[in-house]
Structure formats: structure tokens, C-alpha cells
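Structure, as C-alpha cells:
The values are calculated or read from the model by the stated rules, or taken from the named source; none is laboratory data. These figures come from a predicted structure and were not determined experimentally. As a convention, Cβ positions derive from the backbone with ideal geometry for all residues, glycine included, and neighbour counts pool all protein chains shown.
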Amino acid sequence: MSSTGILYVVATPIGNLEDVTLRALRVLREADLVAAEDTRAAQVLLERHGISGKKIVSCFEGNEASRAEDLVARVLGGETVALVSEAGTPGVSDPGERVVARAIAAGARVEVIPGPSAAVMALVASGLPTDAFYFAGFPPRTEGARREAFGRLRALPATLIVYEAPGRAAATLADLAAALGGSRRAALARELTKMYEEVVRGTLDELAARYAETPPRGEVTLVVEGAREGEAEEAIDVEAEIRKRLAAGEGPKEIAAALALATGKPRRQLYQLALALRPRDPSGS
């Protein structure tokens with residue numbers, strides 16, 4: 001046991017178990033305790049690299065808040081704790097953020113051991129610009145919230161990276177196409193570093209159509225072209241747009257749904273504005 005404890009945040013392979021750094025293996029070998037999102041996955045990794053007899057405890061979404069207290073107490077008591085997620089870096093769309101925040105707040109020493117990243121790998125493989133990118137993580141599951149979230153990214157001049165479950169990939173691609181424009185270049189990367197690794201490139205419309213009937217298999221990362229030159233400056237005059245649509249005969253609900261997608265503004269807020277701007281009945285009824 002070291003005189004001063006350390007919380008190591010250890011990135012682990014996202015598929016291929018050979019994709020682990022020598023430093024990560026040393027830390028895992030020397031740690032007093034391994035805290036893992038999936039204890040079975042951690043055990044498989046350790047055994048694959050000849051590390052045996054290691055104490056492993058669970059630290060997943062359901063128990064992270066309470067587990068953080070124990071892990072930080074151990075570090076403050078002089079133990080070395082290695083925190084790992086099921087794949088990739090803890091805290092990035094995986095449990096770990098609360099443990100790290102609690103450790104920092106308590107004044108504990110924290111070191112991050114870098115490693116594989118599905119987001120960066122998919123970005124490079126997509127062939128899209130890499131000079132500026134925005135990691136959006138997993139989008140909201142409900143259609144309305146997801147569309148509003150994508151609408152807020154419409155004018156962002158950076159390549160977008162989104163994680164998604166295979167069963168929701170088609171719907172998310174369709175929502176991205178509706179919010180950002182179907183002609184945006186994109187790529188769907190799946191099963192990265194694994195046997196059936198695949199990167200499919202095309203426009204958002206093309207990818208949405210491809211996966212509409214047959215969802216992709218395995219872990220999915222979506223990469224989408226950012227706003228093109230000039231798009232970032234295009235701002236919608238919401239009030240003017242609502243007035244124009246009302247004059248054309250559209251109803252407040254229809255207008256709110258369309259503008260939530262185009263602007264990323266909350267649908268309820270747009271609906272209330274449309275109601276307020278709707279011409280009053282001359283009869284007063």
C-alpha cells in the first residue's frame with residue numbers, strides 16, 4: 001500500500017483486448033482495488049493479460065453515488081484504486097464522473113490513464129474534418145427532446161459525434177437529417193476494433209434510408225458533418241417565422257414542432273409564442 005493513495009481512471013479496450021497500454025496494465029497489476037462498471041468484463045481483461053487474484057468491486061450507474069464515498073475513503077486512506085468502465089474511458093458516457101468529482105472535492109490525487117476511444121476512432125475513420133468536433137454523447141431517447149437537442153446543433157461549425165444504441169440508430173439518423181439537413185455528410189461506425197468492424201459513409205438521408213428497415217448490429221457511433229460555411233450565420237427570426245406560418249394556415253402545435261426541430265428551442269415555449277401571436281378572432285370569441 002502506498003503512503004499516499006491514488007485514484008487511477010483507466011481507459012480499457014473498446015473491443016479488441018489487445019488495445020490496452022502498458023501503463024494501464026501496470027496500474028491494474030499494482031492497484032489495491034479495481035472498481036469496475038462490469039466486473040465480469042474487467043475479469044476477462046485481467047485474465048487475458050495474466051493478472052490474477054485482483055480484488056474487484058462493482059461501480060455502475062445504479063451504485064456509483066454510494067460507491068464513490070467508499071472509493072474516495074480508500075484513496076484518502078492510502079490505497080491505490082483503479083477505476084474502469086466496461087469499455088473506453090470511465091466518465092465519458094459511462095459511470096465514473098461522480099467518483100472523479102468526489103475525489104477531487106476531497107483533495108484526493110487523481111490520474112487518468114488514456115487509451116482507446118470510439119469517438120476519436122470513428123471521427124478519424126469518417127473522413128470528415130477533424131480540426132473541430134463536438135461530442136454529443138447519447139442523445140435523449142424521446143423523439144421530441146432528441147429533435148430539440150439536434151436543432152440546437154444545427155449551426156455548429158464542428159463535426160458532430162453521437163453515440164447510439166443499434167435499435168435507435170435509424171430514428172436518430174432520421175431526426176439528424178430533419179434537424180440538420182439530409183445532405184449533410186455522415187458516417188455510421190459499428191463494432192469498432194472487433195471482428196465485424198464497419199464504417200458506412202454517405203449523407204444523412206442515405207444512411208437513414210439504409211438502416212430504416214434493418215438496424216445495424218453492435219455498438220454504434222455516428223459522425224456528422226458540421227454546419228457548412230454560411231450556415232452558422234443563418235439565424236431564424238422566430239417571431240417572423242411564426243407569423244408567416246400562421247398566415248399560411250398552420251396551427252400552433254404544427255408550428256412549434258417544426259421550429260423546435262429547426263432552432264432547438266423548447267416546443268412548449270414555441271407553442272405559447274404561437275398562441276400569443278395568433279390573430280384574434282374579430283368576433284372576440
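Points to keep in mind about this one:
- Criterion (in contact with a strand residue (DSSP E or B) (Cβ under 6 Å, 6 or more places away or on another chain) and among the basic types (Lys, Arg)) met by exactly one of Arg29, Arg98, Arg48, Arg23: Arg23
- Count of region 75-105 residues, restricted to those that are farther than 29 Å from Met121 by Cβ and part of a helix (DSSP H, G or I), is 4.
- Residue under evaluation Gly107, criteria (1) surrounded by fewer than 16 Cβ atoms within 10 Å (Cβ to Cβ); (2) farther than 29 Å from Ala227 by Cβ; (3) within 17 Å of the chain's Cα centre (by Cα), criterion not met: (3)
- Residue in region 113-126 that is in a loop (DSSP other than H, G, I, E, B) and among the polar types (S, T, N, Q) present: yes
- Pairs, first of a type in the set (A, V, I, L, M, F, W, C) and loosely packed, with under 14 Cβ neighbours inside 10 Å in region 211-239, second at pLDDT 85 or above and part of a loop (DSSP other than H, G, I, E, B), C-beta under 8 Å, six or more apart: Ala235/Ala155
- Within region 141-167, the set of residues being within 18 Å of Ala208 (Cβ to Cβ), free of Cβ contacts under 8 Å to residues at least 40 places away in the same chain and either in contact with a Pro (Cβ under 8 Å, 6 or more places away or on another chain) or not basic (Lys, Arg) (or both) comprises Glu143, Arg146.
- Only a single criterion out of (1) within 18 Å of Pro116 (Cα to Cα); (2) surrounded by fewer than 16 Cβ atoms within 10 Å (Cβ to Cβ); (3) modelled with pLDDT of 95 or more is not satisfied by Gly127, namely (1).
- Hey, Leu246 farther than 30 Å from Ala274 by Cβ, over 18 Å from the mean Cα position of the chain (by Cα) and part of a helix (DSSP H, G or I) or not: no
- A single member of Gly96, Gly91 is in contact with a Cys (Cβ under 8 Å, 6 or more places away or on another chain) and closer than 15 Å to Gly115 by Cβ, and it is Gly96.
- Test: Ser85 is within 23 Å of Gly15 (Cα to Cα) and at pLDDT 95 or above: yes
- Single unsatisfied condition, Leu261 versus (1) in a helix (DSSP H, G or I); (2) at pLDDT 80 or above: (2)
- As for region 196-209, it holds at least one residue that is touching a Ser or Thr at 6+ places or on another chain (Cβ under 8 Å) and among the β-branched types (Val, Ile, Thr).
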